Amino acid sequence: MSTYLCKHAAYLGNGNIQGTLYLLDGYPGAVIDKSFPNKIIGDIFGFEDSTLWKNMDNFEEVDSSDEYQRIEVEVSLDSSIVKCQIYTYNRPANDLPIIRSGDFMKYPKNPFSQ
């Protein structure tokens, strides 16, 4: 999906939002909460193509599963705040391991990290 995004969307930068990033089964799950001291870090892409949204929703299985939902949030990007869509984990996260850095790409067990 990252290759697809790079071809069809503009990379805007690295952003962050308050919440906690959990490790699911080899992939991350974000739980957004402004009262959490943790930050979730991720790449921000800009696009308005409805087909791309459908492909993203299919990839995240938004319509076929209750695991993720797409919501609009305010994200810190450089020195500004931008509105973004983010996929949040939509199940109980009580017993899941926390990715303390908030950055899945830097997580040692990330199969996609370099």
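Here are the numbers:
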read-out	value
The chain: mean projected area of Cα convex hull, nm²	7.4
Neighbourhood net charge (11 Å Cβ-Cβ; Lys/Arg +1, Asp/Glu -1) for K83	-2
Choice from Y68, Y87, Y27 showing the highest fluctuation, given a GNM over the chain with Cα pairs closer than 10 Å	Y27
Estimated [θ] at 222 nm from DSSP helical runs (n ≥ 4, -39500 (n - 2.57)) normalised by residues in the chain, nearest 500	-4000 deg cm²/dmol
Phi to ³J(HN,Hα) by Karplus 6.51 cos²θ - 1.76 cosθ + 1.60 over the stretch 15-21, Hz, x for Gly, Pro	x, 8, 8, 6, x, 10, 9
Accessible-area composition of the chain, carbon plus sulfur, in percent [1.4 Å probe]	49
Cross-link partners of K39 among aspartates and glutamates (Cα-Cα below 16 Å; sequence separation of 8 or more within a chain)	E74, D78, D103
Cβ-Cβ FRET estimate between R91 and K7, R0 fixed at 30 Å, reported to 0.05	0.45
Probe 1.4 Å, protein heavy atoms only - accessible area per residue of the chain in square angstrom	66
For the stretch 54-66, Karplus couplings with θ = phi - 60° (6.51, -1.76, 1.60), whole Hz, Gly/Pro x	4, 5, 5, 4, 5, 4, 7, 6, 5, 7, 9, 8, 9
Of the trypsin sites (Lys or Arg not before Pro) in the stretch 10-111, those whose Cβ has at most 11 other Cβ within 10 Å and which sit in DSSP loop	K34, R100, K109
Residue-level accessible surface for I81, protein heavy atoms, 1.4 Å, Å²	110
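The values are calculated or read from the model by the stated rules, or taken from the named source; none is laboratory data. Everything quoted here is computed from the prediction, not taken from an experiment. We place every Cβ from the backbone using ideal geometry, glycine too, and count neighbours over all the protein chains shown. To get the accessible areas, we keep the full protein, side chains included, count just its heavy atoms, and leave off ligands, DNA and RNA. Shrake-Rupley method; radii C 1.70, N 1.55, O 1.52, S 1.80 Å.
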